[in-house]
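Each remark here refers to the structure printed beneath this line.
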Amino acid sequence: MAIILQEAQEWYRDLMDNKSDPRVNDFFLLSSPMPTLCMCIFYAYFSKSLGPRLMAKRKPMELRTVLVVYNAIQTIFSAWIFYEYLMSGWWGHYSFKCQPVDYSTTGLAMRMVNICWWYYISKFTEFFDTLFFILRKKNEHVSTLHVIHHGCMPFSVWMGLKFAPGGHSTFFALLNSFVHIVMYFYYMIAAMGPKYQKYIWWKKYLTTFQMVQFVAIFTHQFQLLFRECDYPKGFMVWIGLHGVMFLFLFSDFYKAKYLNAARRRRQAVKANGYANVLPSNGHSKHLGEGDALVANGSNTGACMPVMEDEYVKSNGQSNGAYKDGFFKEGVLSNNDAIFNPDSSSSSLHQRKVK
């Protein structure tokens, strides 16, 4: 046993000292994988256990202003990261066919290293997506897939930053940052209230936008399987598989949310004459434009909450399908996404159910 432990320690030291990029050794959180690993583990523990227990006897928090500010900051942060990735290589310097890592200390190479580090930090700021769910006591949306996604990403990015900060796989970060610009801008507008609904008519295209991103990512990565390129094959395969996995998950969500929505609304109209409400397990759920019922709480757990109108009966109670019901403005809710903040679950403007 002692020999095995000694060999494992020697392998680890060789990996950290001789295989990693020495340029990032002094960067914050980069000297060892343990801080990142510990934060990811604590995030999972807090999300699924500690956080819900702390909020169990507390009232849900009203976070409209917080959400607007947070999403605005995330939009600007994502825009800056996207710009830096362009200026560090992808705007004319990098090859889309094969791009090795530049391990030099030139200005351009170090600029790429720096923005890779900031992209790594952005994976931690996204932990707040989950925190807002918990503070609002929307624990049913902190799904296992949601937690796995957020909990794994910082460590995945850490590995790329530690051993290959730059090169071919940063195309993933470039596209992801651009999608986050659009995504967080949408959430900022949505959180501002129902009267801004008319400015985000394009919300139904966000999931499609994400799926196009994933196709572009794994296509770009897997092309190296068919051509010689001085880039670590392990990172190429790892990022490519991320794209494939997310594409399948979002495809399922897209089908449930959009392709089946019209059919479900037609069934509702045929059954009881109401187009905006569908019964499920004794409860009713408002279906806005492009929305679909998610049975038994599946496919929930979006990354980012938005402001949503809550259906309220004339006597003040909610969740009922009544002819004289209405939607109450300004109630915090969530998006019905699998685990990623790229689609919204309901319309935000006020409606009368007739």
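The values are calculated or read from the model by the stated rules, or taken from the named source; none is laboratory data. Keep in mind that what you see is a predicted model, and the values were worked out from it rather than measured. Heads up, the Cβs are rebuilt from the backbone with ideal geometry, glycines too, and the neighbour counts pull from every protein chain shown.
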**OP:** Kindly indicate whether any position in the stretch 82-90 is crowded, with 19+ Cβ neighbours inside 10 Å, closer than 25 Å to TYR43 by Cβ and without any contact (Cβ under 8 Å) to a residue 60 or more places away in the chain.
**Re:** no
Subject >> Filter result (buried (at least 18 other Cβ atoms within 10 Å of the Cβ) and of a type in the set (Gly, Ala, Ser)) within the stretch 45-72 >> reply: SER47, GLY51
Original post:
Here are some residues: THR106, THR130, THR75. Which one is exposed (fewer than 13 other Cβ atoms within 10 Å of the Cβ) and not charged (D, E, K, R)?
Top reply: THR106
Subject >> Flag if GLU7 is in contact with a Leu (Cβ under 9 Å, 6 or more places away or on another chain), among the charged types (D, E, K, R) and surrounded by fewer than 16 Cβ atoms within 10 Å (Cβ to Cβ) >> reply: no
Subject >> Subset of the stretch 139-155 [closer than 30 Å to ASN18 by Cβ and either buried (at least 19 other Cβ atoms within 10 Å of the Cβ) or touching a helix residue (DSSP H, G or I) at 6+ places or on another chain (Cβ under 6 Å) (or both)] >> reply: GLY151, MET153, PRO154, PHE155
Original post:
Name the residues in the stretch 119-133 that are of a type in the set (Phe, Trp, Tyr) and in contact with a Pro (Cβ under 9 Å, 6 or more places away or on another chain), would you?
Top reply: TYR120, PHE124, PHE127, PHE132, PHE133
**OP:** Output the number of residues of the stretch 31-57 satisfying the condition of being assigned to a loop (DSSP other than H, G, I, E, B) and either under 23 Å from the mean Cα position of the chain (by Cα) or at pLDDT 95 or above (or both).
**Re:** 1
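Just checking, which of VAL142, VAL113 is farther than 23 Å from ALA216 by Cβ, among the β-branched types (Val, Ile, Thr) and either within 20 Å of the chain's Cα centre (by Cα) or modelled with pLDDT under 95 (or both)?
VAL142
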**OP:** Search the stretch 53-74 for residues that are touching a residue at least 60 places away in the same chain (Cβ under 8 Å) and pair each with any residue that is aromatic (Phe, Trp, Tyr) and surrounded by 14 or more Cβ atoms within 10 Å (Cβ to Cβ) when their beta-carbon atoms are under 7 Å apart and the residues are at least 6 apart or on different chains.
**Re:** LEU63/PHE132; LEU67/PHE132; TYR70/PHE128; ASN71/TYR184; ASN71/TYR187; GLN74/TYR184
**OP:** Being part of a helix (DSSP H, G or I) and either surrounded by fewer than 21 Cβ atoms within 10 Å (Cβ to Cβ) or polar (S, T, N, Q) (or both) is the filter here, so list the residues in the stretch 159-174 that pass it.
**Re:** MET159, PHE163, THR170, PHE171
**OP:** Answer yes or no: is there a residue in the stretch 219-238 that is at pLDDT 85 or above, under 18 Å from SER169 (Cα atoms) and either of a type in the set (Lys, Arg) or in contact with a strand residue (DSSP E or B) (Cβ under 7 Å, 6 or more places away or on another chain) (or both).
**Re:** yes
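From ARG111, ARG136, grab the single residue that is surrounded by fewer than 22 Cβ atoms within 10 Å (Cβ to Cβ) and closer than 30 Å to ARG58 by Cβ.
Residue meeting the stated conditions: ARG136.
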Subject >> Residue in the stretch 192-236 that is nearest to the chain's Cα centre (by Cα), counting only those that are crowded, with 16+ Cβ neighbours inside 10 Å, within 27 Å of GLY160 (Cα to Cα) and of a type in the set (Val, Ile, Thr) >> reply: THR207
Original post:
Looking at the stretch 186-199, which of its residues are in contact (Cβ under 8 Å) with a residue 24 or more places away in the chain and under 18 Å from TYR70 (Cα atoms)?
Top reply: TYR186, TYR187, MET188, ALA190, ALA191, MET192, GLY193, TYR196
